[in-house]
Amino acid sequence: MKVIKAIGKAKVSVICCVHGDEPFGAKVFEFYSSRVNKIEGLQLILANEEALAKGDRFVDTDLNRCFPGKREGNNEERLAHSIIDLLQGSQYVIDVHTTTSDIAMTPIVANLGAGVKRIINLCTSVEVVEMDKGITEISLIGSVLSGVSLEFNEKYAKTDQAFEEVRSTIDGLLSRSSRNKIVRQIYQIDRIISLDTVLPKDAVNFTYIKSLGIYPFLLGEKAYMDFQGFAAKKARQLTI
Ligand SMILES: [Zn+2]
């Protein structure tokens, strides 16, 4: 793990490469590493360096499924434990991910508190995914008060537009700026889609599947071997 702290108390922590097979995070880390001396209140964490070097998602176990971690655990359990320590005192946590699923960028949250809403406000996505405690309690965002996972499609992540989105979100938090509020569609994810669930052939993320009564999310993510994605039973609108 690599940690770089800017001058002053870390107000915003950016976690990159919780998954080692998502190099977009490393790009964000590199970009800010070279500028960190000029930025007050930023902490950068390149989480799973060992997995990143191998191009693998993880070494022993999925880091985003083993929070709060263990002091004397395996590679990822120890990392999770150290990350929690590093995040003490951070006001906002940004967790950068990529997916093979067909989305642009979707913010994923574990609560809709004031800090989380502040981060969502800086994102352009109309769709916001709120995951239930049962799913997030072992993940990074479920282990901090105001954390958001920014989930980018891996191809979209290669565009300047995607990079600009991360940058404007981080810079907006650091400079305390905000965007005009817009109506967001909040999808409340409370379950996975099991492998034996028969999905319609035309199923797409966020589009209601009447026969199953769900809105699917992260369909076609190649890292999900034992389920097909996530599902929301309910969606609601919120101006953020
Ligand atoms: Zn990821």
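Brief remarks follow.
- Estimated D of the stretch 188-235 in µm² per second, where Rh is the Kirkwood radius over Cα pairs and Stokes-Einstein applies at 25 °C, 0.890 mPa s: 232
- Across the stretch 85-103, the residues whose backbone nitrogen lies under 20 Å from the label position 7 Å along the beta-carbon direction of Arg167 are 94-98.
- Antiparallel content of DSSP bridges confined to the stretch 113-240, in %, to 5: 75
- Local electrostatic count at Leu52 - Lys and Arg +1, Asp and Glu -1, tallied over other residues with Cβ under 13 Å: -3
- The stretch 195-240 and the stretch 29-80: distance between their alpha carbon centers, rounded to Å: 28
- Cβ crowding within 10 Å ranks Ile7, Ile120 as Ile7, Ile120, fewest other Cβ atoms first.
- When the alpha carbon coordinates of the stretch 144-224 are projected onto the principal axes, the ranges are 47, 26, 25 Å, largest first.
- Computed from the alpha carbon positions, the gyration tensor of the chain leads to an equivalent ellipsoid with semi-axes of 27, 21, 16 Å, biggest first.
- Counting only aspartates and glutamates at least 8 places from Lys158 when in the same chain, those with an alpha carbon closer than 12 Å to its own are Glu22.
- Extending 7 Å from the Cα toward the beta-carbon at both Ser175 and Phe31 defines two label points whose distance is 1.4 nm.
- Given Lys133/Lys201; Lys38/Lys234; Lys70/Lys234; Lys5/Lys234, the pairs whose alpha carbons are separated by over 32 Å: Lys38/Lys234; Lys70/Lys234; Lys5/Lys234
- In the chain, taking the dipole from charged Cβ atoms about the Cα centre, the farthest positive-side position among Ser33, Val116, Ala232 is held by Val116.
- Point-to-point label distance, Thr124-Leu199, nm (Cα→Cβ direction, 7 Å offset): 2.5
- Rounded to 5, percent antiparallel among DSSP beta bridges of the chain: 50
- Applying a DSSP loop filter and a limit of 16 other Cβ atoms within 10 Å to the chymotrypsin sites (Phe, Trp or Tyr not before Pro) in the stretch 145-240 leaves Tyr208, Phe227.
- Radius 10 Å from Cβ of Leu238, net charge of other residues (Lys, Arg +1; Asp, Glu -1): +3
- Hypothetical label at Asn75: residues of the stretch 29-63 whose amide nitrogen lies under 14 Å (7 Å Cα-Cβ projection): 47-63
- The residues neighbouring Cys16, those whose beta-carbon lies less than 11 Å from its own, together hold a net charge of -2 under the Lys/Arg +1, Asp/Glu -1 convention.
- Helix 24-33 and the longest principal axis of the C-alpha atoms of the chain enclose an angle of approximately 20°.
Only the coordinates and a few stated rules stand behind these numbers; no lab work does. Everything quoted here is computed from the prediction, not taken from an experiment. All Cβ positions, even for glycine, are placed from backbone atoms using ideal geometry, and neighbour counts span all protein chains on display.
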